[in-house]
1. Using Cα pairs closer than 8 Å and at least 6 residues apart in sequence, work out the relative contact order for segment 1-88, in percent.
2. Tally Lys/Arg at +1 and Asp/Glu at -1 over every other residue whose Cβ is under 9 Å from the Cβ of residue 108; what's the total?
3. Using the Karplus equation 6.51 cos²θ - 1.76 cosθ + 1.60 (θ = phi - 60°), what ³J(HN,Hα) coupling, rounded to whole Hz, does each residue of segment 24-30 give in order, writing x for Gly and Pro?
4. Nearest 10 degrees, 0 to 90: what angle lies between the long axis of helix 37-50 and the longest principal axis of the chain (Cα atoms)?
5. I need the per residue convex hull volume for the chain, using only the alpha carbons, in cubic angstrom as a whole number.
6. From the phi angles alone, apply the Karplus equation (6.51, -1.76, 1.60; θ = phi - 60°) to segment 74-87 and give each ³J(HN,Hα) in whole Hz, x where the residue is Gly or Pro.
7. In the neighborhood of residue 35, defined by Cβ-to-Cβ distances under 14 Å, what is the net charge if each Lys or Arg adds +1 and each Asp or Glu adds -1?
8. Treat each spin label as a single point 7 Å out from the Cα along the C-beta direction, and report the residue 85 to residue 103 distance in nm.
Amino acid sequence: EPEEAIPLFREALRLSPIPPSMHIRLFAIALRDSGQYEEAITQAKRATEQGPNDLVAWVVLTSSYSLAGREEEARSAAKEILRINPKFSVERYQKVSPQKDRAAVKRYCGALRKAGLPD
């Protein structure tokens, strides 16, 4: 559950002088899925800075921008997804997402579509 994970991520990141990009990305996912879009954007941007070719971090950033109503930034971030993977498909991403909360997957995949990513 995102709400339970957020304080644990905060503590883990506080204790780690140089946290792995994956931990930052997972923190951003928990924030996005709990509706804390602005903080999710901050953390996802941090993950993309550490890993400029981290597709999942860009997906989290794009969907967070879109869900926050920041359309122009969402479209710009979506271009990075297509730079990394020109064959990216929201439909395929939705099918392979390991997330158990399928309503959350549907919500953020809708946000990816709104940002201009192809089905």
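What follows is calculated from the coordinates using simple rules that are stated; it is not laboratory data. Please read these numbers as outputs of a predicted model, since none were measured by experiment. Positions of Cβ are generated from backbone atoms using ideal geometry, with glycine treated the same way; all protein chains shown enter the neighbour counts.
1. Value for segment 1-88: 22 percent.
2. Numbers: positive: 32, 106, 107; negative: 33.
In short, +2.
3. Coupling constants for segment 24-30: 5, 4, 5, 4, 4, 4, 4 Hz.
4. 90
5. Taking the convex hull of the Cα positions in the chain, it is 88 Å³ per residue.
6. Along segment 74-87, the couplings run 5, 5, 5, 5, 4, 4, 5, 4, 6, 5, 6, 9, x, 9 Hz.
7. Result for the local shell: -4.
8. Spacing of the two 7 Å Cα→Cβ label points: 2.6 nm.
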